[in-house]
Amino acid sequence: FSPTAQARPDSARMCSKMARPVVLGSCLLALLGRSGQAACPADLDPYSADPNPFGWPVTPAEFSYDQPECWAAKYERCGGERQSPMDLDFHLSGPGCAPRVAGTAGDLAARASYKILAGRPAMSVSKYMRGISMMTGSSIGSLKLQDANGMPVEYEAVDAVLTAGGFHKVDSFIADAELLIFHQPKGSTDAFASRVVISVPFRKSESGAGSELFEQMGLSGGAMPESGVWRAPQSVDLQAATEAALEGQSYAYSGSMPMPPCIENVRYFVLTTEQPVSAGQLSSLQGVLSKYAGGTRKRPLVSRALAGGGCRAVDQDSVQVPAVDTSCASPSNRSSACWAATCGVSPLDLAPARADKSKSAEDATEFIDYRPTSNIKVSPSMFSLDAAGDFGVLLVNGRLFEANKVS
């Protein structure tokens, strides 16, 4: 509700009253836009129809890959300290900068088991991921790892996405293409639970050798698909596509979704054994994504270097998934981990047995007047889906309040 007679301050006056750094950043961006400088995009569709490989029931779309510097204004987690993709730079010096040896090269191979997507599986371009998704709606494999206490934990593979260009940089190498296999804890529906991503790099072959995976997906350098969704010309063998890379060295680190909402609950296992792909196949992939995904540009790499010195941890040949860090980095952080610092008043346990029953009951229709309306605008906020419109009025202490939002 909002008071019916209260004037709304203009954006400049609103900004002058706000103290939180993230809010100020958003206000400054808005004011800069009015002064002629590049402003963050506005009036974007809040959601995408693309399925979400991270387990979210909806896929956010209110961001632009052309302006990743604007992401944190809308999705505050994008300004966090454990973001992805990361530059796995091992030339840095300082505490924690050398990778921790946690196992032996190839330890992941016996723990991963991926399926053959039989028949002619659907290939679907994801604008959200800027890649080609092989999501089937069911499990496409499994990965058996260890939790923070060394106990076995199983993850199921829910999607595999092929992208042009690499998300990650390992020392000085950036892949020409990268296959990301997304996993969630088996049987879990919690979108905030730890996610696991296996990253398989592809490199343009000097000899012209091609990739069987690209061939199976219909990326053979031939005709462009007629739409962003097509049937693969044959079965897609994910196990064969990943086997050689899983036998090699890997680097693991804890990061985030590499696009909004940037939740920091992802454990990446970046494989280093490069798989060959031909120039024609790469050209096919790039052409499809340029036409149907809006391009191939990704979020810029995040440095391993920490602001206070040292580096973010990287484990070599690990099979472990640490617990998701749920600490509250800042009271302004719009995360459930931070609610205790800022939400000491509501919600409230009303405890009806202890309520004051001395006052007489009132007829609610005397002070509540709701009405149907069809002129509404639906949009997301940080934790709810909101419908804005004119839903009626509420009378409190002789003053009318408009019912202008339903969440």
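The values are calculated or read from the model by the stated rules, or taken from the named source; none is laboratory data. It should be emphasised that the depicted structure is a prediction, and the values quoted were computed from it without experimental measurement. Please note: Cβ atoms are built from the backbone with ideal geometry, for glycine as well, and neighbour counts cover all protein chains shown. Just so you know, the surface numbers come from the protein's heavy atoms only, side chains and all, with ligands and any DNA or RNA stripped out. Shrake-Rupley method; radii C 1.70, N 1.55, O 1.52, S 1.80 Å.
If you go through the range 371-395, how many residues are surrounded by 12 or more Cβ atoms within 10 Å (Cβ to Cβ) and over 24 Å from Leu44 (Cα atoms)?
The qualifying residues number 6.
Do you know which of the residues in the range 273-285 that are within 24 Å of Asp315 (Cβ to Cβ) and among the polar types (S, T, N, Q) is surrounded by the fewest Cβ atoms within 10 Å (Cβ to Cβ)?
Thr273
In the range 63-99, what count of residues is obtained for those that are assigned to a loop (DSSP other than H, G, I, E, B) and of a type in the set (Lys, Arg)?
Summing the residues that are assigned to a loop (DSSP other than H, G, I, E, B) and of a type in the set (Lys, Arg) in the range 63-99 gives 1.
Any idea which of Glu154, Glu178 is open to solvent by less than 50 Å² (accessible area, probe 1.4 Å), at pLDDT 95 or above, among the acidic types (Asp, Glu) and out of contact with any helix residue (DSSP H, G or I) (no Cβ under 6 Å at 6 or more places or on another chain)?
When all the criteria are applied, what remains is Glu178.
What about Tyr47, is it open to solvent by 80 Å² or more (accessible area, probe 1.4 Å), touching a Pro at 6+ places or on another chain (Cβ under 7 Å) and modelled with pLDDT of 85 or more?
yes
Out of Gly141, Gly131, Gly106, Gly137, report the one residue that is out of contact with any Pro (no Cβ under 6 Å at 6 or more places or on another chain) and at pLDDT below 95.
Testing whether each residue is out of contact with any Pro (no Cβ under 6 Å at 6 or more places or on another chain) and at pLDDT below 95 leaves just Gly137.
Looking at the range 105-135, which of its residues are on the phi > 0 side of the Ramachandran plot and touching a strand residue (DSSP E or B) at 6+ places or on another chain (Cβ under 8 Å)?
The one that is on the phi > 0 side of the Ramachandran plot and touching a strand residue (DSSP E or B) at 6+ places or on another chain (Cβ under 8 Å): Arg130.
Mind listing whichever residues of the range 70-115 are under 24 Å from Pro258 (Cβ atoms), surrounded by fewer than 20 Cβ atoms within 10 Å (Cβ to Cβ) and acidic (Asp, Glu)?
Result: Glu81, Asp87, Asp89.
Go through the range 237-264 and give me each residue that's open to solvent by 10 Å² or more (accessible area, probe 1.4 Å) and either part of a loop (DSSP other than H, G, I, E, B) or of a type in the set (Val, Ile, Thr) (or both).
Glu247, Gly248, Gln249, Pro261, Ile263, Glu264 - these are the residues of the range 237-264 that are open to solvent by 10 Å² or more (accessible area, probe 1.4 Å) and either part of a loop (DSSP other than H, G, I, E, B) or of a type in the set (Val, Ile, Thr) (or both).
Test of understanding: among Val345, Val393, Val378, which residue is closer than 29 Å to Asn265 by Cα and at pLDDT 85 or above?
Answer to the selection: Val378.
From Val288, Val270, which residue is over 15 Å from Asp107 (Cα atoms) and either buried (at least 23 other Cβ atoms within 10 Å of the Cβ) or charged (D, E, K, R) (or both)?
Val288
Does at least one position in the range 213-221 carry a residue that is open to solvent by 10 Å² or more (accessible area, probe 1.4 Å), assigned to a loop (DSSP other than H, G, I, E, B) and at pLDDT below 95?
Yes, the range 213-221 contains at least one residue that is open to solvent by 10 Å² or more (accessible area, probe 1.4 Å), assigned to a loop (DSSP other than H, G, I, E, B) and at pLDDT below 95.
If you take the residues of the range 181-212 that are of a type outside the set (S, T, N, Q), more than 22 Å from the chain's Cα centre (by Cα) and surrounded by fewer than 22 Cβ atoms within 10 Å (Cβ to Cβ), which of them is modelled with the lowest pLDDT?
Ranking the candidates gives Gly208 first.
Is it the case that some residue within the range 197-205 is closer than 24 Å to Gln281 by Cβ and assigned to a loop (DSSP other than H, G, I, E, B)?
yes
Out of contact with any strand residue (DSSP E or B) (no Cβ under 7 Å at 6 or more places or on another chain), among the aliphatic types (A, V, I, L, M) and more than 19 Å from Ile116 (Cα to Cα) - does that describe any residue in the range 254-275?
yes
Could you list, in sequence order, all residues of the range 265-288 that are assigned to a loop (DSSP other than H, G, I, E, B) and at pLDDT 95 or above?
Thr272, Thr273, Glu274, Ser278
Name every residue in the range 106-148 that is closer than 18 Å to Gln316 by Cα and not in a strand (DSSP E or B), in order of residue number.
Answer for the range 106-148, where residues must be closer than 18 Å to Gln316 by Cα and not in a strand (DSSP E or B): Gly106, Asp107, Leu108, Ala109, Ala110, Arg111, Asp147, Ala148.
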